[in-house]
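Report on one structure; see the data block that follows.
The values are calculated or read from the model by the stated rules, or taken from the named source; none is laboratory data. Bear in mind the structure is a predicted one, so any value in this text is a computation, not a measurement. Methodologically, a virtual Cβ is constructed for each residue, glycine included, from the backbone with ideal geometry; neighbour enumeration extends over all protein chains shown. The area values use the complete protein model at the heavy-atom level, side chains included, leaving out ligands, DNA and RNA. Shrake-Rupley method; radii C 1.70, N 1.55, O 1.52, S 1.80 Å.
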Amino acid sequence: MPIEVTQVEVASILTRTGGYLRTVASHSLQPYRGCTFGNSLCGVGCYVQHNAWVTRGRPWGGFLEVRTNAAAVYRSSYERETAWARRAHGAFSIFCSSATDPFVPQERQFGITASLLTAMCERPPDLIILQTHTHRVVDHATRIVELSRRCRLRVHVSIESDRDQLPGLPPSASPVERRLAACAELRRLGVFTVVTVSPLLPIAEPERFVERIAEVADAVVIDHYIEGDGSKNGARTLRTPLPDAVAAIDPEATTLAYRDRIVELAQRLMPGRVGVSESGFAGQYA
Ligand code: SF4
């Protein structure tokens with residue numbers, strides 16, 4: 001499917017959070033609207049595809065709006081949003097991103113996330129969480145390390161399984177091995193790095209997978225689409241082909257009992273470094 005890429009100017013870039021994200025950060029920030037990973041494995045169950053305000057009727061994965069003035073708007077709104085966040089939330093914290101990936105391949109051409117990281121080095125938030133599905137995050141290691149010296153920072157790399165593909169679904173946009181390698185590199189550079197197993201998919205070798213995560217990341221977050229996709233009982237994900245593809249491999253993997261079994265395993269192999277669902281995204285580990 002051809003991808004329609006457009007360049008737009010936005011009036012605001014820092015969105016005050018509502019819903020489940022409120023416990024995670026005071027603001028969300030999307031360098032792009034749309035996500036060009038939408039036609040890969042993570043896009044199958046991606047909850048953003050159900051947001052008509054984002055898609056405006058366009059097929060998920062088929063469009064990308066490049067927010068060319070994102071860094072300038074960040075700078076101009078920084079003081080107002082910092083003051084509000086510290087008053088209302090106790091800290092100015094940013095989740096980047098909840099409705100796109102900050103490191104889509106087009107970032108190499110447009111550099112929107114790079115320009116935002118530079119702006120944040122000048123005007124740092126209290127905390128930033130960089131959430132991604134791709135190894136391409138390491139392209140930005142220098143800026144990320146610099147920003148981590150100015151504020152609290154976590155990089156969350158989603159790795160849902162040790163499988164790159166589920167039968168009948170498209171492959172992942174970024175190979176599992178490359179994402180694990182990206183985590184290892186960021187951690188080596190002193191960046192607090194978290195693997196978010198989100199949404200948790202059937203894992204071929206659970207013990208080996210968690211051991212690998214323990215080697216490359218400071219913490220892990222286990223998140224099932226039930227309780228994890230922002231809707232009651234995973235209703236949004238149930239409207240997609242993902243649950244059937246999961247059930248074809250392992251019916252138990254469509255239940256919270258499966259999540260609890262993987263959490264137990266992770267707590268045994270990574271004591272004190274395991275988060276679960278929303279509180280895990282908020283940085284609480286046990
Ligand atoms: S990278 Fe994130 S926003 Fe993009 S399609 Fe995958 S899950 Fe959705």
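Annotations
- Unique match (being in contact with a strand residue (DSSP E or B) (Cβ under 9 Å, 6 or more places away or on another chain), within 16 Å of Glu107 (Cβ to Cβ) and within 15 Å of the ligand (Cβ to nearest atom)) among His140, His135: His135
- Within the stretch 29-58, being away from the ligand (no atom under 12 Å from the Cβ) and open to solvent by 10 Å² or more (accessible area, probe 1.4 Å) holds for Ala52, Trp53, Arg56, Gly57, Arg58.
- If the condition is being open to solvent by 70 Å² or more (accessible area, probe 1.4 Å), over 22 Å from the mean Cα position of the chain (by Cα) and within 20 Å of Ser40 (Cα to Cα), then the stretch 236-260 contributes Asp244, Ala248.
- Residue that is farthest from the ligand (Cβ to nearest atom), among those in the stretch 166-180 that are in a loop (DSSP other than H, G, I, E, B) and over 29 Å from Ser115 (Cβ atoms): Pro167
- Scanning the stretch 12-27 for residues that are open to solvent by 10 Å² or more (accessible area, probe 1.4 Å), within 19 Å of Met120 (Cα to Cα) and outside any loop (DSSP other than H, G, I, E, B) turns up Leu14, Thr15, Arg16.
- Any hit, the stretch 78-88, residues being touching a Phe, Trp or Tyr at 6+ places or on another chain (Cβ under 7 Å) and either open to solvent by 20 Å² or more (accessible area, probe 1.4 Å) or among the hydrophobic types (A, V, I, L, M, F, W, C) (or both): yes
- Residues that are in contact with a Cys (Cβ under 9 Å, 6 or more places away or on another chain), more than 17 Å from Asn69 (Cα to Cα) and modelled with pLDDT of 95 or more number at least 3 in the following helices (runs of 4 or more DSSP H) confined to the stretch 84-165: 141-148.
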